[in-house]
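Before any comments, here is the structure.
The values are calculated or read from the model by the stated rules, or taken from the named source; none is laboratory data. Quick caveat, the model's predicted, so the values are computed rather than measured. Here the Cβ is made from the backbone with ideal geometry for all residues, glycine too, and neighbour counts use every protein chain on show. Protein only, heavy atoms only, side chains kept; ligands, DNA and RNA dropped before computing areas. Shrake-Rupley method; radii C 1.70, N 1.55, O 1.52, S 1.80 Å.
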Amino acid sequence: MLKDVTLGQYFPGDTVVHRLDPRTKILMVILYIAALFNAKSWISYGVVLVFLAAAIAVSRIRLKAMLKGLKPVVFIVVLTSLLNLLYGRGEIIAQWWIFHITREGIKAAILMGARLVMLVMGTFMLTYTTSPIMLTYGLELLLNPLKKLKVPVHELAMMMSMALRLIPTLIEETDKIMSAQKARGAEFDTGNLIEKAKAMLPILVPLFLSSFRRADELATAMEARCYHGGEGRTRLNVLKMAARDHITLGVGLALLAGVIALAKLGL
Amino acid sequence: MNEPILKTENLTHVYSPGTPFEMTALNGVDLEIRKGEILGIIGHTGSGKSTLIQHLNALIKPTSGRVLLEGRDINESKSAIRQARSRVGLVFQYPEYQLFEETVYKDIAFGPKNMKLSPEEIDRRVREAAGFVGVEELLDRSPFDLSGGQKRRVAIAGVIAMMPEVLVLDEPMAGLDPGGCREIMDNILSYHDKTGAAVVVVTHSMEEAARRADRMVVLNHGTVAMSGAPEEIFARGDELRKMGLAAPVMTELSQRLRALGVELPGTVYTVEQMAAALLELEGGRGRA
Amino acid sequence: MDDTAIKIENLTFFYPSEEEGQAPEDVLSGVDLTVEKGSFTAILGHNGSGKSTLARHLNALLLPKGGSVTVFGMDTRDEELTLEIRRRVGMVFQNPDNQIVSNVVEEDVAFAPENLGIPTPEIRTRVDEALKTVGMYEFRTHAPHLLSGGQKQRIAIAGVLAMRPKCVVFDEPTAMLDPQGRRDVMRIIGRMKKELGTTVILITHHMEEAAMADRVVVMSDGQIAMDGAPGEVFTRVEELEALGLTVPDTVKLMWELRQKGVDVPLDTLDVEECAKALAEHFKKK
């Protein structure tokens, strides 16, 4: 059932990682990715991996959940690794037909695979430990300087949080409409492509109509609760960078600097 | 007593098994729907009502147990499922939100069309179904231009057009004004009276269920907590209250009257019954 | 001191006609209504009688096409005052799903105070207080979409209470709830009037709920058809039925008995009163 899909992928918790300012976490992910892409050697990869492992351990996110999240990217990881493995340059160890495997190729395959997996896991750390609301709020604050360039930052953030708010409701609604049309004998999994597309109409039309109705009612309710744009708005939860945020960002910068230094040293 | 047409045997349903969200919605439910009866199913939110009714036409598959339509397991094969979908008509809560066609006529025709009936038969059924709910005049209109009550009736006609032998309705009167409620109830009863179909009304309003139900089933925590004739069920007012339900106002009134020493004959749960009982009392005393 | 919360004078309203050249039909035509501070008024009427349209005039969601609406001395047509009016007159709608704006309960309750630019520590106080009033404090960090309809509606009420309004308009707040949810919401409404002194306006289909009010106003075809104390309005059984409405079961019973010549009072709005009156009558004999 559609309801079983966990969206937003947020795992509530009360660890240091959860309590970090969302801005810190967003910046950390950027630093982490930068470090990952500057890593060239086993050693620097090791350093980044240790950092990731520590973050996962502290956040108490179950490894199983992490691995489950990797499922959709398995194909890309395997493909990238294979291409690197089979088309590597350098000293040839084994050869078959047009493929040749080289020592460098093996290294590249492992490192490229590892890079992708670590990239995905690192970004998951952000969404797994930060509620969508906090994430939106963090983004809004980070992008605030763009307001001077007339970018409607508050409006964009509000749109994002409204979307997040409506997703579970719309999923539930889709489920209901599908069941109701099935009860009238509709079948969604038979026929050719055109027939299948046509079979979606009885779901899509009511879904669109109800989304518009919901949006309209929600807008009225927001107005009734004095919503009038971002001007003069205050917040229940104000984000404040604490000591732990400064320390964390320090660690992030050190990670990036360290990896770059290692690369400079040819490691 | 009529023979059963639809039966559940030890029906159990568990959502998201093996995850932290695991929840047993139904636990060993044995339910019998008899030919031509009106059955009221009552239970508060979360009692398993909606999970139960979606099993009745194979929209949800049991985790364990079976659903039998005239003795045959409805989940046995694809064709059995298809049969169950048309023979057991299911009207969801707020069904007006599922309307999608350009005209009322086309929307009502959706079910019969899916049943692959001939064009003549489809036309006959659309008109007949429209007649049951009194929307013959609206067939060429867009369903989206109608009033709330009219939309609801069109949506019900969309299920009636499949001519189900069992018509199941989830909270058919929810959100309507008293006039709209009365109309919908009359429509459903006229389908029942004219076709002899069994009607199952799921509700949390005792008054609605009480008025015409032959039998009632009370669901609580995914099991059948009570079943029997309305008067038997309403006699157990305290138990009902404990389940977050309420006995009809008139049952409560009769209890209070008895406590105050007014002797009422039999069980009373509708205004009409109460008025009749009190008039009898008045007449009896008058003559004495 | 002025005791008037809301003053509606000769209010007329219509939605623009969809077809060109066609005169729009009045949804409200000449409504006069004065609501006293701290009172509890129920507004009844069948679907399309104009009661929801009337409600939306009370916090300037709609503006009069003719006549005027004055809320705590402020004319709703004055755009400068819109926010001032809305913070004083809160509104709770029918569908709880379509008025919750956040994925976290307390963030949702904080929405209005945030819009009003109230300082953060004060928002916290108001949110906690409002959640306690509706009995949902333990749920403050939950996701609203996983709660029951009744609980969601209580969150919506808390969201309005956090504005500390003087008046709250409830537009069929229990229409989509089960009996338990309905009881909870009605209990909160009763407490708001009694303990917070809030002026309550309740639009409903449920006669039992309207019977809890001090005053019942019946709308029909965009006009006020009846206006009086519940005991007065509900005893006009035939008139109400002609307007597509019903009366509480207890009144209906007494009315039937009186039709048959049994001398019982008509204005018994709840079971207890009704039982007492009946017992008295039948014991006397």
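Tabulated values for the structure
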{"item": "Failed item, numbered, when residue C:254 is tested on (1) facing chain B (nearest Cβ under 8 Å); (2) over 25 Å from residue C:201 (Cα atoms); (3) not small (Gly, Ala, Ser)", "result": "(1)"}
{"item": "Residue in region C:23-34 that is surrounded by the most Cβ atoms within 10 Å (Cβ to Cβ), counting only those that are under 28 Å from residue B:179 (Cα atoms) and in contact (Cβ under 8 Å) with a residue 12 or more places away in the chain", "result": "C:28"}
{"item": "Residue tally, condition more than 8 Å from every other protein chain (Cβ to nearest Cβ), open to solvent by 60 Å² or more (accessible area, probe 1.4 Å) and assigned to a helix (DSSP H, G or I), over region A:185-203", "result": "7"}
{"item": "Exclusive hit being within 30 Å of residue B:92 (Cβ to Cβ), within 11 Å of another protein chain (Cβ to nearest Cβ) and either part of a loop (DSSP other than H, G, I, E, B) or within 28 Å of the chain's Cα centre (by Cα) (or both), set A:173, A:231", "result": "A:173"}
{"item": "Only listed residue being out of contact with any Pro (no Cβ under 8 Å at 6 or more places or on another chain), among the aromatic types (Phe, Trp, Tyr) and closer than 24 Å to residue A:225 by Cα, chosen from C:72, C:13", "result": "C:72"}
{"item": "Enumeration of residues in region C:174-191 that are of a type outside the set (A, V, I, L, M), open to solvent by less than 60 Å² (accessible area, probe 1.4 Å) and more than 14 Å from the chain's Cα centre (by Cα)", "result": "C:178, C:179, C:181, C:184"}
{"item": "Residue list for region A:205-219, restricted to those being facing chain C (nearest Cβ under 7 Å) and open to solvent by 30 Å² or more (accessible area, probe 1.4 Å)", "result": "A:217"}
{"item": "Tally, over region C:268-285, of residues that are open to solvent by 60 Å² or more (accessible area, probe 1.4 Å) and within 15 Å of residue C:234 (Cα to Cα)", "result": "2"}
{"item": "Positions within region B:88-111 being among the aliphatic types (A, V, I, L, M) and at the interface with chain A (Cβ under 9 Å from one of its Cβ atoms), in sequence order", "result": "B:88, B:90, B:91, B:99"}
{"item": "Test: residue in region A:197-215 that is out of contact with any Cys (no Cβ under 8 Å at 6 or more places or on another chain), over 28 Å from residue B:156 (Cβ atoms), without any contact (Cβ under 8 Å) to a residue 24 or more places away in the chain and basic (Lys, Arg)", "result": "no"}
{"item": "Boolean, residue B:214 is more than 14 Å from chain C (Cβ to nearest Cβ), closer than 19 Å to residue B:170 by Cα, open to solvent by 20 Å² or more (accessible area, probe 1.4 Å) and modelled with pLDDT of 85 or more", "result": "yes"}
{"item": "Some residue of region C:259-267 being buried (at least 16 other Cβ atoms within 10 Å of the Cβ) and in contact with a Lys or Arg (Cβ under 8 Å, 6 or more places away or on another chain)", "result": "yes"}
{"item": "Any pair with Cβ under 7 angstrom, 6 or more apart, that starts in region A:137-150 at a residue that is without any contact (Cβ under 8 Å) to a residue 60 or more places away in the chain and ends at one that is open to solvent by less than 50 Å² (accessible area, probe 1.4 Å) and assigned to a helix (DSSP H, G or I)", "result": "A:140/A:153; A:140/A:154; A:140/A:157; A:143/A:153; A:144/A:153; A:146/A:153; A:147/A:153"}
{"item": "Residue match in region C:47-55 (condition: crowded, with 24+ Cβ neighbours inside 10 Å, touching a residue at least 12 places away in the same chain (Cβ under 8 Å), under 14 Å from the mean Cα position of the chain (by Cα) and away from chain B (no Cβ under 14 Å))", "result": "yes"}
{"item": "Looking only at region C:111-123, and only at residues there that are at the interface with chain A (Cβ under 7 Å from one of its Cβ atoms) and touching a residue at least 12 places away in the same chain (Cβ under 8 Å), the one that is most open to solvent (accessible area, probe 1.4 Å)", "result": "C:116"}
{"item": "Near pairs, Cβ below 6 angstrom, 6+ apart or cross-chain, from region B:28-49 (within 14 Å of another protein chain (Cβ to nearest Cβ)) to any residue that is open to solvent by 40 Å² or more (accessible area, probe 1.4 Å)", "result": "B:44/C:180; B:45/C:148"}
{"item": "Selection status of residue B:165, away from chain A (no Cβ under 13 Å), touching a strand residue (DSSP E or B) at 6+ places or on another chain (Cβ under 7 Å) and surrounded by fewer than 24 Cβ atoms within 10 Å (Cβ to Cβ)", "result": "yes"}
{"item": "Conditions (1) away from every other protein chain (no Cβ under 14 Å); (2) modelled with pLDDT of 85 or more; number of the one not met by residue B:256", "result": "(1)"}
{"item": "Scope region A:175-184; condition within 13 Å of residue B:100 (Cβ to Cβ) and open to solvent by less than 30 Å² (accessible area, probe 1.4 Å); matching residues", "result": "A:177, A:180, A:181, A:184"}
{"item": "Selected residue (criterion: nearest to residue A:52 (Cα to Cα)) from residues of region A:238-254 that are open to solvent by less than 60 Å² (accessible area, probe 1.4 Å) and touching a residue at least 12 places away in the same chain (Cβ under 8 Å)", "result": "A:252"}
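Residues are listed down the side, and each one gets a yes or a no for (1) acidic (Asp, Glu); (2) within 28 Å of residue C:95 (Cβ to Cβ); (3) free of Cβ contacts under 8 Å to residues at least 40 places away in the same chain:
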residue: B:178; (1), (2), (3): no, yes, yes
residue: B:193; (1), (2), (3): yes, no, yes
residue: B:224; (1), (2), (3): no, no, no
residue: B:229; (1), (2), (3): no, no, yes
residue: B:239; (1), (2), (3): yes, no, yes
residue: B:245; (1), (2), (3): no, yes, no
residue: B:274; (1), (2), (3): no, no, yes
residue: B:277; (1), (2), (3): no, no, yes
residue: B:282; (1), (2), (3): yes, no, yes
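Let's see how each residue does on (1) within 16 Å of residue B:162 (Cβ to Cβ); (2) of a type in the set (Val, Ile, Thr); (3) in contact with a helix residue (DSSP H, G or I) (Cβ under 8 Å, 6 or more places away or on another chain):
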site	(1), (2), (3)
B:49	no, no, no
B:57	yes, no, yes
B:63	no, yes, no
B:66	no, no, no
B:71	no, no, no
B:75	no, no, yes
B:81	yes, yes, no
B:87	yes, no, no
B:91	yes, yes, yes
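Yes or no, residue by residue, for (1) closer than 21 Å to residue C:199 by Cα; (2) touching a helix residue (DSSP H, G or I) at 6+ places or on another chain (Cβ under 8 Å); (3) more than 7 Å from every other protein chain (Cβ to nearest Cβ):
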| residue | (1), (2), (3) |
| --- | --- |
| C:64 | no, yes, yes |
| C:78 | no, no, yes |
| C:87 | yes, yes, no |
| C:92 | yes, yes, yes |
| C:97 | no, yes, no |
| C:101 | no, yes, no |
| C:105 | no, yes, yes |
| C:130 | yes, yes, yes |
| C:134 | yes, yes, yes |
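Residue-wise test of (1) under 18 Å from the mean Cα position of the chain (by Cα); (2) among the small types (Gly, Ala, Ser); (3) away from chain A (no Cβ under 14 Å); (4) within 19 Å of residue C:97 (Cα to Cα).
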residue	(1), (2), (3), (4)
C:154	yes, no, yes, yes
C:160	yes, no, no, yes
C:167	yes, no, no, no
C:172	yes, no, no, yes
C:193	yes, no, yes, no
C:199	yes, no, yes, no
